[in-house]
1. Using alpha-carbon pairs under 8 Å, 6+ residues apart, how would you state the relative contact order of the range A:11-56 in percent?
2. What average number of partner chain Cβ atoms lie no more than 10 Å from the Cβ of the residues making up B:150-161?
3. Work out how much length B:D128 to B:D115 would gain on full extension: take 0.36 nm times their residue separation and subtract the Cα-Cα distance, in nm to one decimal.
4. Run lengths n ≥ 4 of DSSP H only: what is the helix-derived mean residue ellipticity at 222 nm for chain B, with -39500 (n - 2.57) per run over all residues, to the nearest 500?
5. Using Cα pairs under 8 angstrom and six or more residues apart, how large is the relative contact order of chain B, in percent?
6. Using the Kirkwood formula on the Cα atoms of the range A:70-188, what hydrodynamic radius do you get, in angstrom to one decimal?
7. What FRET efficiency do you get for A:A28 and A:Y52 if R0 is 22 Å and r is their Cβ-Cβ distance, rounded to the nearest 0.05?
8. Within 10 Å of each Cβ of B:102-108, how many other protein chain Cβ atoms are there on average?
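The values are calculated or read from the model by the stated rules, or taken from the named source; none is laboratory data. Fair warning: this is a prediction, and the values are worked out from it, not measured in the lab. Note: ideal-geometry Cβ built from the backbone for every residue, glycine included; neighbour counts use all protein chains shown. We work out accessible area using only protein heavy atoms, side chains counted, and drop any ligands, DNA or RNA first. Shrake-Rupley method; radii C 1.70, N 1.55, O 1.52, S 1.80 Å.
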Number of protein chains: 2
Amino acid sequence: MSRQMVRPGGRSARVQASVHTAVRELEAEVGRDALTVPLVAQRAGVTPSTIYRRWGDLTELLSDVAVERLRPDTAPKDHGALAPDLAAWAEQFLDEMASPGGRAYIRDALLGDPDGTNAGQCSAYAADQVDLILARAAARGGEIPEAEIPEVETVIDRVVAPLMYRILFRPAGLDAAYARGLVAGLLGQGDR
Amino acid sequence: MSRQMVRPGGRSARVQASVHTAVRELEAEVGRDALTVPLVAQRAGVTPSTIYRRWGDLTELLSDVAVERLRPDTAPKDHGALAPDLAAWAEQFLDEMASPGGRAYIRDALLGDPDGTNAGQCSAYAADQVDLILARAAARGGEIPEAEIPEVETVIDRVVAPLMYRILFRPAGLDAAYARGLVAGLLGQGDR
DNA sequence: GCCTAGAAGCAAGAGATTTGCTTTAAGGTG
DNA sequence: CACCTTAAAGCAAATCTCTTGCTTCTAGGC
């Protein structure tokens, strides 16, 4: 989210909203690399010093905006069982994150983030989605022995982390089959 | 390594070396945040435009230097068996990478790296170290059924990726026990 | 309806970045 | 070995970004 609590509805909130909007519009229009603080300020109808004072610099502003864009906007689809739920979610996660745009957002989020707040937020989004899927599986009852539903942390280690690691460090050769394989590996062997 | 092939021994090579050295010295002396291109240039005895032309901007230069610092300087220690070898390596990896300095280098490496070359290099370093450990295990022969020695890719997914993911996205609560647990989870269950 | 404090605006100064042109030197050629 | 070619470095001017002190505005509290 944004770096500071803002009185909602006040002038601060309006400025923040218009700056975020300006970033998104300009990102689309002139490309990420051409963004500068003065440019964003002009589009947002704000003086540059306002941005510098509130966000510090461009990378922190981008980090802020990136985290917003990485927030999932829908609950994971329900396929009626744990395995397909997880597999589908993993595939979609990979799809969104591994695109050039997705990678750029992840990097932005990580970058302008000295204290790790924004990165933590991204991770929390994923964890929430996974948690929802697992809770659904548990709620179905009969589906699976309760003991075989993995922990959230385990899903993060076995599915989310490998996906993210490869997206960031080795973008080559990532595909849906790999994502499905991770899920299969996790569910296929009675590991927790 | 560095962004372009340089005729070794030529003037380019000298400039590159002195710039890299200047970055490392100044990082230690004035702190990472106080680094600027002109400052580095002055220390390196070079004009700023040289740096701008060769590296583009400060983040790309830092990325370059960071990758060099992330290169392991020693082979993993030999403890006589696969499990302790991997566990010790994972612990050391975590130690180095999770330190404030280590995290900063990882982030620098990821940041100024539009095409992923530098990030790929980091990943390759880790893969090489793991590969060495696995090759050693295979060479020992009797130790373990050949079939139970995991693939490099599997070790990356199960050990390296979770460590890196948590270092980047959730630095809290990381410790040697967690690293050991990852290795134990991998080796403990006949997964590949 | 006034006060206060936290933000935003403004503008000047300092510093970073870009760029066209010149100079240097590494490596190849006759 | 002297000469040529070419990639890279130096230089300097112009531009743009960023910082900062001060002023002005406005939301929310009294």
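1. 37
2. Mean number of neighbouring Cβ atoms from other chains: 4.
3. Length difference between fully extended and current span is 2.5 nm.
4. Result for chain B, helices only: -21000 deg cm²/dmol.
5. Values: 181 pairs, mean separation 39.9, N = 192.
Value for chain B: 21 percent.
6. 14.8
7. In this case the efficiency is close to 0.40.
8. 2
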